[in-house]
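First the structure, which I've put down as structure tokens, then a few questions once you've had a look.
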Amino acid sequence: MIGYTSLGTADLARSVAFYDALFDELGAKQVMAFDDFIVWGDDTGGPAFSIHVPENGKPYSVGNGVMIALKARNKGQVDAVHAKALELGGSDEGKPGFRVDGFYAAYFRDLDGNKLNIHHVAG
């Protein structure tokens, strides 16, 4: 059910050096790299791990930048889960849509303010 996990960082370059070396030990490598986040995975296509500069512009702290990403079966399920989260009292953090080629996602916060993502990667 988990597609990937995300942690925040105050220093992306420092974190990249740390995680590149750490994940090399596990046989994982960078699979996506952008100015504000990096994703590591392995050749199995299983769950991935990412680090991010907090999107809200506030300083990093434990919890700020943390997000759990849930894997959907299709785009319709992304839409449905996002709508359900809002229906249940969650708050919108990013309406459903394509973020990069083949990556369809929506973002929301639960009732405690925890950030979640629901996504589908077109195969």
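The values are calculated or read from the model by the stated rules, or taken from the named source; none is laboratory data. All values derive from a computational prediction rather than experimental measurement. Glycine gets a Cβ as well: all are built from the backbone with ideal geometry, and neighbour counts include every protein chain shown. Side chains included, ligands, DNA and RNA excluded: accessible areas come from the protein's heavy atoms. Shrake-Rupley method; radii C 1.70, N 1.55, O 1.52, S 1.80 Å.
Pick out the one residue from L26, L12, L7 that is on the phi < 0 side of the Ramachandran plot and out of contact with any strand residue (DSSP E or B) (no Cβ under 8 Å at 6 or more places or on another chain).
Selected residue: L26, the only one of L26, L12, L7 that is on the phi < 0 side of the Ramachandran plot and out of contact with any strand residue (DSSP E or B) (no Cβ under 8 Å at 6 or more places or on another chain).
While we're looking at this one, here's another question. Would you point out which residue out of L116, L70 is open to solvent by 30 Å² or more (accessible area, probe 1.4 Å), closer than 18 Å to H52 by Cβ and touching a Phe, Trp or Tyr at 6+ places or on another chain (Cβ under 7 Å)?
Result of the check over L116, L70: L116.
Please specify each residue of the stretch 92-119 satisfying the condition of being more than 17 Å from the chain's Cα centre (by Cα) and in contact (Cβ under 8 Å) with a residue 12 or more places away in the chain.
Of everything in the stretch 92-119, just one residue is more than 17 Å from the chain's Cα centre (by Cα) and in contact (Cβ under 8 Å) with a residue 12 or more places away in the chain, namely L111.
What's the total number of residues in the stretch 9-59 that are in a helix (DSSP H, G or I), charged (D, E, K, R) and surrounded by 12 or more Cβ atoms within 10 Å (Cβ to Cβ)?
Qualifying residue count, the stretch 9-59: 1.
Could you grab me the full set of residues in the stretch 46-63 that are under 20 Å from A33 (Cα atoms) and in contact (Cβ under 8 Å) with a residue 24 or more places away in the chain?
Answer for the stretch 46-63, where residues must be under 20 Å from A33 (Cα atoms) and in contact (Cβ under 8 Å) with a residue 24 or more places away in the chain: P47, A48, F49, S50, I51, H52, V53, P54, Y60.
Across the stretch 84-113, which residue is nearest to N56 (Cα to Cα) among those that are crowded, with 16+ Cβ neighbours inside 10 Å and among the hydrophobic types (A, V, I, L, M, F, W, C)?
By that ranking, first place goes to F108.
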